[in-house]
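Notes follow the structure.
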Amino acid sequence: MAPTYEIEQLLLAQPSIRTVAGVDEVGRGAWAGPVTVCAVVTDLTEPPAGLTDSKQVSEAKRGPLAVELAGWATGFAYGEATHEEIDRLGMTEALHRAARRALESLPVRPDAVILDGKHDYIGAPWPVRLEVKGDGASISVAAASVLAKVRRDAYMATIGCVEYGFAENAGYPSPVHQEALARLGPTPHHRLSWSYLDELPQWRHLKRHRDPLAGEGQESLFA
């Protein structure tokens, strides 16, 4: 099913809410690079054809769709947290900072936020409506998911590290990425607090340890 404005309209029916932003992130599960959050505000007009969750849009179509979305949205903005911030603060706080950067950069301040997922990493002062698979249900969240994905993928394709395949895998643990990491070790773009290093004895000494009270741990993603 295509996303709709049903959630936006439910929120806008409240007298105190006049503007709603859809928010989504990309890069949470990558081993390298930043996490990117996009916030989108619309005027509830019909979106560009083919809009849905970015994972359901082919790579060939995502770029042109993002261009259309940029011209269609009432406002959109990005926020990012670097791999250094992720290592220092943990993913939850990194997402919090990236989301605030996106929301605070919008041309109009939203009165409420629809956030994809089941964990509120944004918090006050915005009322947050959590929506599992919101990128497939809400038009504004779907737009945010496509814009965030295209922006982060484009950035990861510019940083080199050809052996790791970042232009193709965007820092996620593809077989090419895993093989290069085991052979060559982490690049300056890798998240060094993540537990994949525990499974690479020759590079384990590079792991950065964080105070467990300062942020959550990361589960192993090494396949």
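The values are calculated or read from the model by the stated rules, or taken from the named source; none is laboratory data. This structure is a prediction, so every number in the text was calculated from the model and none was measured. Cβ coordinates were reconstructed from backbone atoms using ideal geometry, including for glycine residues, and neighbour counts include every protein chain displayed. Only protein heavy atoms, including side chains, enter the accessible area calculation; ligands, DNA and RNA are left aside. Shrake-Rupley method; radii C 1.70, N 1.55, O 1.52, S 1.80 Å.
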- Query: Per the Kirkwood definition applied to all pairs of different Cα atoms, how many angstroms is the hydrodynamic radius of the stretch 80-164?
  - Reply: 14.2
- Query: Which of Pro110, Pro173, Pro125 moves the most in a Gaussian network model of the chain with Cα springs under 10 Å?
  - Reply: Pro125
- Message: I'd like the Karplus ³J(HN,Hα) series for the stretch 124-139: coefficients 6.51, -1.76, 1.60, θ = phi - 60°, whole numbers in Hz, and an x wherever there's a Gly or Pro.
- Response: 4, x, 8, x, 10, 9, 7, 9, 5, 6, x, 5, x, 10, 10, 4
- Set Lys and Arg Cβ to +1 and Asp and Glu Cβ to -1, take the dipole of the stretch 137-193 about its Cα centre, and tell me which of Thr187, Ile139, Pro173 lies farthest positive. Ile139
- Task: Take the alpha-carbon positions of the stretch 28-98, form their convex hull, and give its projected area averaged over all directions (one quarter of the hull surface) in nm².
- Result: 5.5
- Taking 0.36 nm per residue of separation between Arg101 and Glu168 and subtracting their Cα-Cα distance, the length gained on full extension comes to 21.4 nm
- Of all trypsin sites (Lys or Arg not before Pro) in the stretch 42-150, the ones in DSSP coil with at most 15 other Cβ atoms within 10 Å are Lys118, Lys133
- Message: Restricting to bridges with both residues inside the stretch 1-131, how much of the DSSP beta-bridge set is antiparallel, in percent to the nearest 5?
- Response: 60
- Post the alpha-carbon centroid distance, the stretch 157-192 to the stretch 120-135, in whole angstrom. 31
- Stokes-Einstein D in µm²/s, Kirkwood radius over Cα pairs - the stretch 1-67 at 37 °C with 0.692 mPa s viscosity: 232
- Out of Ala21, Ala98, Ala60, any idea which swings most in a Gaussian network model of the chain, alpha carbons joined below 10 Å? Ala60
- For the stretch 104-213, give the percent of accessible area contributed by carbon and sulfur heavy atoms, probe 1.4 Å, rounded to a whole number. 57
- Item | Inter-part distance where the stretch 43-73 and the stretch 136-152 are each reduced to a Cα centre, Å | 8
- Given the protein chains as shown and a 1.4 Å probe, how many square angstrom of Glu131 are accessible, to the nearest 10? 40
- Å² per residue, accessible surface of the chain at 1.4 Å: 48
- Item | Total charge dipole magnitude, the stretch 1-138, about the Cα centre, Cβ charges on Lys, Arg, Asp, Glu only, Debye to nearest 20 | 100
- Query: Is it possible to state the helix-based mean residue ellipticity at 222 nm for the chain, with each DSSP H run of 4+ residues giving -39500 (n - 2.57), the sum divided by total residues, to the nearest 500 deg cm²/dmol? What is it?
  - Reply: -10000 deg cm²/dmol
- Query: Across every pair of different alpha-carbon atoms, what Kirkwood hydrodynamic radius in Å does the stretch 46-85 reach?
  - Reply: 11.8
- Query: Say we join alpha carbon atoms closer than 10 Å with springs in a Gaussian network model of the chain; which of Ser16, Ser145, Ser174 then has the biggest fluctuation?
  - Reply: Ser16
- Which entries of Lys55/Lys118; Lys61/Lys207; Lys61/Lys133 show an alpha-carbon separation above 26 angstrom in the structure shown? Lys61/Lys207
- Task: Just round it to a whole percent: the fraction of Cα-Cα distances in the chain exceeding 22 Å.
- Result: 51
- Query: Which residues' amide hydrogens lie under 5 Å from the amide hydrogen of Lys133, considering only partners 5 or more residues apart or on another chain, with H built in the peptide plane?
  - Reply: Gly117
- Note on the structure: With the charge dipole of the chain built from beta-carbon charges (+1 for Lys and Arg, -1 for Asp and Glu) about the Cα centre, the Cα from Ala2, Leu44, Leu106 projecting farthest to the positive end belongs to Leu106
